[in-house]
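Presented below is the structure to which this report refers.
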Amino acid sequence: MSFIRGYLLPRAIQYVLVTFLGLTAAFVLPRLMPINPIQQRIAQYQSFGVYIPPEQRDVMIRTLKELYGLEGTLFEQYIAFWKRLLRGDFGPSLAQFPTPVMELVSRHLPWTLGLLALTTLLGWVFGTIVGGVAGYYARSRWAKILDGIAMLVRPIPYYILSLLLLLLLAYVFPIFPLGGGAAVGVQLALNLQTIWSILRHAALPALTLIIAGGVTHFQAMKLIVQGVRAEDYVTYAKAAGIDERRVVFRYVIRNAMLPTVTQLGLSFGFVFSGALITEMVFAYPGIGWVLYNAVMNGDYNLIMAIACISVVAITTSVFILDLLYPLVDPRVRYR
Amino acid sequence: MPMFGDLYADRRFRLSFWILVLLVTLAALSFFSPYDPTRWLQVPRNQPPSWPHILGTTSKGQDVLWEATFAIRNSLVVAIIAGVVSRIIATLIGMTAGYKGGLIDRVLMSVSDGMLVIPLFLVLILLASLLRGRLNPVNLGLLLALFGWAWDARTIRSQILSLREREFTYTAILSGMRTLRLIFREYLPFVIPLILSTFIGNMAWAISLEVTLAILGLTNLDIPTLGTSLHWAMSYQALLLGYFWWVMTPVALAVLLISGLYWLSVSLSEYLDPRTRFQRIGVK
């Protein structure tokens, strides 16, 4: 019982509160902007050369207000926003009217989850292990070389990194396909050919994601390990003649890993939005690609839906992580 | 300038210093440009690099080199505005939270925690897609500043927390120094190195976000920045048509500029961190 009251309850309250604040921010921020999305949309139609007579204009403004959830006072809008949210209904997509937003999301989400869940994990595992060992042997030659590579790759904007890799590995040396989720015309059925095609298409985006994620975790881990390495208990363990491999992996890396576990949790949360650039560059049919098209078409409902989903995803993964944390770190007890 | 000499001994600092000197010179050249950066069809289109168009020309009929000088200048404007404004916010919030403590501290820090947890990139996309064409370098800089302070406010806060417990704080308070004066006269000098090194890191962050947002077509595309130059090159299929001089110029400049700033900030913060300074001189 003390576990529930002392550990679970405060965190659950915090979780609900942060989610609430995040979603409220998603509601408030667009409304703070000095811009009227309805006027913008009408202007967009007019710029296509559509003539809108004045009486139809009023009807249109009303319809659009309803679609955007912009009727009534701010408070009424807010209540309506929550009502729709709790029903999981974000209204129809504006660009692919009248397909519901949620249908689009659920159609493309599996692609993203498959690609990102795996690469996030792999990038983290590689980054942490290599970073950990490199941090322990920081003065060795190859640790410095790895560090140099990380220093070179880290600042490159992710878009440019993936563009360069695409150029190099799909265009100059055509090892990987240029883009897409599977070969054109492949029926998505459960057979070897389909799976091979999906894997081949996922390889290059996965590679860029692993590189980008791995380098970040590498640097963070290396820094932490360099700190942990100087602690007394490590010196003591070495003086006691404990096998060095055991010291590195069991004592140093395991202790240094804790903050990076938090990072991993956060990056799992960012899966829902973080793949935008990857999926745009590689034309990968996941949620980021949907988001990219939504941005291009000004599909406000869809952007809003993805923003809300990813707020919930992030807070939830942080919450779950908080609950799992004592399993990893014996110093944090379920008090 | 002994500090500069010490820093200059760091290879990364040397490299980034000269990269930045080169890029700032290029940016300054934009004031002498013979062309108006916003006008199209001023030179023959799609010319490969040759004299007098050293880096070739674009499909828009602009000279790549002169366009790039404006691009660097505007990207630097975004970065500097974002950096300066977010440093001001971070310093004020960090110092207030650290010095006042209690409820104010808890409120301010939960706000900054909230900022850290929100999917920043997504929020920026949401806002930028509403603002679209209005995002000139100044507005974009301000928008980025609004989101770029949270982590550094935290760092400054923890610095102030430790300063508050020092002897000289009590001396100052007991001798009747007013709070604001204490903070600005006594604490600020400790915080300034922190502000400086995070400022440069923040600039790199702002430039790389500018590139990303511009690629998505979410900023004012009429104004040349590193991002919008790349956007135009990509949307004119310069890559497939083989106009590599057009694509590679903004790519190379963006990588150079961001890497330069990143290395500068890494070498600065290592220089300022007393622990690594000991390591450097060889004391262990």
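Quick look at the values:
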| item | result |
| --- | --- |
| For segment A:259-268, Karplus couplings with θ = phi - 60° (6.51, -1.76, 1.60), whole Hz, Gly/Pro x | x, 6, 5, 4, 4, 4, x, 4, 6, 5 |
| Interface residues, segment A:104-153 - accessible area loss of 10 Å² or more versus chain alone, probe 1.4 Å | A:ARG139, A:MET151, A:LEU152 |
| Radius of gyration and maximum dimension Dmax of segment B:66-283, Cα, Å | 20.5, 73 |
| The protein assembly as shown - Kirkwood radius from inverse mean 1/r over Cα pairs (Å) | 26.9 Å |
| B:LEU103/B:TRP51 FRET efficiency (R0 60 Å; Cβ-Cβ; nearest 0.05) | 0.35 |
| Label-point separation in nm, A:ALA43 to B:ASN139, each point 7 Å along Cα→Cβ | 0.9 nm |
| Summed buried accessible surface, chains B and A, 1.4 Å probe, nearest 100 Å² | 3500 Å² |
| A:ALA95/A:GLU244 FRET efficiency (R0 51 Å; Cβ-Cβ; nearest 0.05) | 0.30 |
| Computed FRET value (nearest 0.05) for B:LEU240 with B:TYR8, which takes r as the C-beta separation and R₀ as 60 Å | 0.85 |
| Residues of segment A:112-130 with amide N under 20 Å of a point placed 7 Å along Cα→Cβ from A:ILE320 | A:112-126 |
| Label-point gap, in nm, between A:TRP82 and B:ARG39 - each point 7 angstrom along Cα→Cβ | 5.8 nm |
| Environment charge at B:VAL111 (Cβ cut-off 15 Å; Lys +1, Arg +1, Asp -1, Glu -1) | +1 |
| Proximal lysine pairs, the protein assembly as shown, alpha carbons under 20 Å, eight or more residues apart or interchain | 6 |
| Point-to-point label distance, A:ARG139-A:LEU169, nm (Cα→Cβ direction, 7 Å offset) | 3.6 nm |
| Residues whose placed amide H lies under 5 Å from that of A:TYR284, excluding near-sequence neighbours | A:GLY180 |
| For segment A:13-132, average projected area of the Cα convex hull in nm² | 12.1 nm² |
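The values are calculated or read from the model by the stated rules, or taken from the named source; none is laboratory data. Bear in mind the structure is a predicted one, so any value in this text is a computation, not a measurement. For neighbour counting, all protein chains shown are included, and Cβ atoms are generated from backbone atoms with ideal geometry for every residue, glycine included. Ligands, DNA and RNA are stripped out before the accessible areas are found, and what is left, the full protein with its side chains, is counted by its heavy atoms. Shrake-Rupley method; radii C 1.70, N 1.55, O 1.52, S 1.80 Å.
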